[in-house]
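Below is one structure, written out as C-alpha cells, with a few remarks after it.
The values are calculated or read from the model by the stated rules, or taken from the named source; none is laboratory data. The model shown is predicted, which means the values in this text are computed figures rather than measured ones. Note that each Cβ is placed from the backbone with ideal geometry, even for glycine, and that neighbours are counted across all protein chains shown.
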Amino acid sequence: MGVTSAIIGSSTGIGRALAEAHRASGLECVALSRNPASLAGFPAFALDLTDEQQAQGAFEKAFAQYPGIETIFLVSGTGDIESTPSYETASATIALNCAGFTLAAYQAARHLEHRGAGRLVAVTSVAAIRGGSQSLSYNASKAYQSSLLEGLRCRFTRLGLPITVTEIRAGFVDTAMMKAEKPFWVATADQAARAILSASRTRQELVYVLGRWRLIGWLLRLLPTGLYKRIG
C-alpha cells in the first residue's frame, strides 16, 4: 500500500500513539516531529513548527519523498495553566498553536490541493468552544484553530475539490499536556489515537474524542453568558 498518511507532531502523546495505531492496523505513515529519533521503525523527519524556514524545508522533503500521502494528521500543540495572565506563557502557546498550526495547515492544504483530493485531520480541543479564565491563551488558540479549519473547508468547497477537513475536539487525554486539577472522562493516548484513526476513515467534519464529550460541547454552547462567566 505504501505510505499514505503523515502525522505532524508525533514524538509523544497522542501523535506518538497515533503512529503506533497505524502500525497496529498494518498501515504505513511518515512522522514529522521535533524528535524523530524517538520513532523507531517509522520514516521520520525533524520538524520545528516554531522555525518557519526549517519547517518549510521539512514539509518539502516529506511531500517530495512521499507524494502519495493522502491523509495528514495535525496533532502538534501546547498549552499551560494561566492562573494569572502571563504573556510568556501566552507567547509560547501562540507560537505553536496559532503560527505553527497555520504553517502546518497551509503546507498540508497545498499538498492536498496539488493531489486534488485527500483528508486533513486536525486535533483541537473542547476548549475551542468558549474562553477559559484559567487557560486564556490556550482556549483562544484552539478557537483560532477551529476557525482556520472551517475556512479551509470553505476554500476546498469553492475549489470543487474532494478534500475532507475533520476537526477532532479532544477532551481530557492522559498526556503531559493535561494540566487539569480534577479531570474527568479521561482517555488514554491509545484510546484517543484509535478514535482519531477511525474518524479519518469517514467524511465527518467534527468529531469529539471521546464521543461522550459531544455532550459537554453541547452544554457549553447552551450555558448563558452570565452563568458561564462565573464558572468558566
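Structure above, values below:
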item: Residue, surrounded by the most Cβ atoms within 10 Å (Cβ to Cβ), within the stretch 1-18, restricted to residues that are hydroxyl-bearing (Ser, Thr, Tyr) and assigned to a loop (DSSP other than H, G, I, E, B); result: 10
item: Test: residue in the stretch 49-68 that is in contact with a strand residue (DSSP E or B) (Cβ under 7 Å, 6 or more places away or on another chain) and under 24 Å from residue 207 (Cβ atoms); result: no
item: Identity of the residue in the stretch 116-163, surrounded by fewer than 19 Cβ atoms within 10 Å (Cβ to Cβ) and among the basic types (Lys, Arg), that ends up nearest to residue 230 (Cα to Cα); result: 130
item: Enumeration of residues in the stretch 57-76 that are in contact with a helix residue (DSSP H, G or I) (Cβ under 8 Å, 6 or more places away or on another chain) and not in a loop (DSSP other than H, G, I, E, B); result: 59, 63, 72, 73, 74
item: The listed residue being under 19 Å from the mean Cα position of the chain (by Cα) and surrounded by fewer than 20 Cβ atoms within 10 Å (Cβ to Cβ), out of 62, 95, 55; result: 95
item: Total residues in the stretch 156-192, condition among the aliphatic types (A, V, I, L, M) and either modelled with pLDDT of 95 or more or farther than 20 Å from residue 13 by Cα (or both); result: 5
item: In the stretch 200-212, residue farthest from residue 119 (Cα to Cα) [restricted to those that are surrounded by fewer than 20 Cβ atoms within 10 Å (Cβ to Cβ) and among the hydrophobic types (A, V, I, L, M, F, W, C)]; result: 210
